[in-house]
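Read the structure below first, then the notes.
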Amino acid sequence: MANDDTSAAPLLTGHKAKPAAEVPSIDDIIETCTGGTGAMQLLKAFLVVFARAFDGHLLFISVFTEAEPRWHCVAGDSSCTRPAAASPPCPLPPGTWAWDRPAEASVVSEWALNCAGPAFVSLPASSFFAGCLAGGFLLTMLADSLLGRKKMLVAALASMSIAGALTAFASNVWAYAALRFASGFARSMVGTCALVLSTELVGKRWRNAVSFAAFSCFTLGFLSLPAVAYALREASWRSMYLWTSLPCLVYAVLLYFLAQESPRWLLVRGRTQEAVETLRQIASRNGGGGATASSSLSMLQNACASAMYEDSGTRAGGVFATLQAMVGRRWAIRRLAAVMAAGFGVGIVYFGMPLSVGSLGPDLYLSVTYNAVSELPSAVLSWFVIARANRRGSVAALAAAAGACSLACVAIPRGTAGMATELLSFSATSTAYNVILIYAIELFPTSLRNSALGLVRQAMVLGGVVAPVLVALGCERSFWSFGVFGLAIGCSGLFAACLPETRGRTLSDTMEEEERKQAAGSSAAVDKNSDSHLV
């Protein structure tokens with residue numbers, strides 16, 4: 001019985017026989033074939049994560065294009081009184097007042113949305129997040145099944161940039177809202193695919209650095225947006241969409257020709273020849289390709305001939321094969337539910353806190369810059385936590401810290417102390433947001449990693465949909481904003497206790513491999529307990 005194939009054994013049992021021939025993990029194969037992560041390989045991974053900068057542009061561009069400009073009374077006109085100037089100028093006769101900036105600087109002033117009611121003012125933003133939710137649920141399976149990481153990322157970037165460019169030609173708020181929905185639909189996959197593809201292209205040693213680069217690129221996009229908006233402050237809002245969308249389209253074309261598909265995904269989908277060719281190209285650029293690399297590639301081809309690296313639950317399925325594979329395994333559903341619940345609580349605060357902070361000064365450009373700068377410490381802290389600390393404890397601790405600071409905002413009066421406490425809460429939340437994304441990557445195997453991460457991000461976006469309602473309620477009583485924020489994120493950290501620790505583990509590639517690791521871990525725990533009883 002010692003030579004039986006463990007793949008035929010019951011899942012998650014104490015079956016201790018090892019796979020025949022001790023086939024190495026894909027991590028080991030890739031490292032041996034390519035001679036480690038070379039400079040060119042690392043550069044391509046950084047090229048992929050730069051997509052997050054354009055993601056940051058699109059996510060926050062509405063802060064400027066949908067802002068309500070200030071206005072003033074025309075000098076010498078007595079019908080424009082000071083009390084009226086504190087509210088929208090809708091009741092005032094034309095010619096008695098004027099916008100401080102050109103009317104076409106914002107969709108609100110160009111189409112007089114502020115006089116049409118709050119539903120019209122919030123329609124474009126609501127449409128964008130609705131598109132993010134719809135795209136996340138409908139497209140997330142494609143990157144694990146039919147299209148793969150690279151094609152999905154390029155298609156999402158190209159669609160996002162084309163929709164953004166077309167938005168510049170919208171003639172009314174309905175066309176504008178529809179195009180914002182399309183932008184959100186395409187944008188939903190950019191962050192997920194960029195993060196997954198970049199981490200799968202490099203070896204274990206460089207994954208933390210690539211993850212840090214991904215968070216930094218998003219912050220860079222957020223931070224550069226006020227500069228672009230300030231440069232175009234006297235121009236039409238349409239110019240902002242063109243100047244952010246066209247570079248994204250050029251980047252998508254470059255990515256199509258320069259980036260490579262994940263060899264891990266190619267292997268689990270049974271596309272062995274493409275995976276081997278990709279590894280060969282990486283090895284040649286890294287200065288490898290010698291006898292050791294050739295031997296490893298031969299070993300890989302022999303192993304793949306027996307479907308050793310293919311996932312039995314997804315290799316023959318269609319778009320929803322990954323979802324079906326998760327539904328059929330209780331451990332996968334438990335993990336997904338727990339990490340999505342944690343992400344939902346973090347998303348409420350991540351998207352809601354900047355709205356509650358409000359303007360940190362009279363200048364819109366400086367206010368957004370301050371919010372963007374507050375994410376820089378969280379990017380550095382995220383890198384440190386991912387490199388040095390356990391995932392489960394980090395999520396719980398960061399959520400508790402963010403929750404405590406948010407609850408403190410209820411008692412602390414507005415001012416410097418209140419603002420500092422708010423920014424501390426947001427910084428801890430941003431760090432928790434980043435750590436949860438990396439945690440989700442490590443919790444699920446390659447065959448369904450993109451789908452799982454996409455669903456986690458949609459849970460965060462769903463939290464962002466709830467946040468504006470809480471912010472509106474908190475205008476009269478701060479507990480309904482900061483208080484609920486604190487309770488939501490504090491409780492979300494408790495769900496991390498339901499998740500296994502993943503720090504230091506190699507990434508699994510198939511459902512079967514993950515289940516073998518769980519079985520091995522359970523056996524090791526039993527042996528340890530037995531030894532302690534003997535002592």
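The values are calculated or read from the model by the stated rules, or taken from the named source; none is laboratory data. The structure displayed is predicted, hence computed values, not measured ones. Glycine also receives a Cβ, built like all others from the backbone with ideal geometry; neighbour counts cover every protein chain displayed. Side chains are part of the model used for accessible areas, which takes the heavy atoms of the whole protein and leaves out ligands, DNA and RNA. Shrake-Rupley method; radii C 1.70, N 1.55, O 1.52, S 1.80 Å.
Extension gain, GLU234 to VAL253: 0.36 nm times the residue separation minus the Cα-Cα distance gives 3.7 nm.
Computed on segment 160-244, the Cα convex hull volume stands at 90 Å³ per residue. Of the residues ALA452, PHE495, ALA467, the one whose Cα sits farthest toward the positive end of the charge dipole of segment 451-523, with +1 on the Cβ of Lys and Arg and -1 on the Cβ of Asp and Glu, is ALA467.
A Cβ-based charge dipole, computed about the Cα centre of segment 145-232 with Lys and Arg at +1 and Asp and Glu at -1, lands at about 340 debye.
Modelled this way, with points 7 Å down the Cα-to-C-beta line, the labels at ALA103 and LEU366 are 3.0 nm from one another. Given their separation in residues at 0.36 nm each and the Cα-Cα distance between them, VAL466 and CYS90 gain 132.4 nm when the chain is fully extended. Projecting the Cα atoms of VAL196, ALA158, ALA178 onto the dipole axis of segment 143-217, where Lys and Arg carry +1 and Asp and Glu carry -1 at the beta carbon, places VAL196 farthest toward the positive end.
In this simple spin-label model, placing a label point 7 Å from the Cα along the Cα-to-Cβ direction at both ALA497 and LYS204 gives a separation of 3.0 nm. Ordered from largest to smallest accessible area (heavy atoms of protein chains, 1.4 Å probe), the residues GLU68, GLU442, GLU375, GLU110 come out as GLU68, GLU110, GLU442, GLU375. Computed from label points 7 Å out along Cα-Cβ, the spacing between ALA175 and VAL380 is 4.7 nm.
How big is the Cα convex hull of segment 474-514 in projection, averaged over all directions, in nm²?
For segment 474-514, averaging the hull's shadow over all directions gives 4.6 nm².
To put it simply, the accessible area of segment 150-288 at a 1.4 Å probe is 67 percent carbon and sulfur.
Ordering of 449-462, 398-411, 201-214 by packing is 449-462, 398-411, 201-214, highest average first (other Cβ atoms within 10 Å, averaged per residue).
Full extension of the segment from HIS72 to ARG334, taken as 0.36 nm per residue of separation minus the current Cα-Cα distance, would add 88.6 nm.
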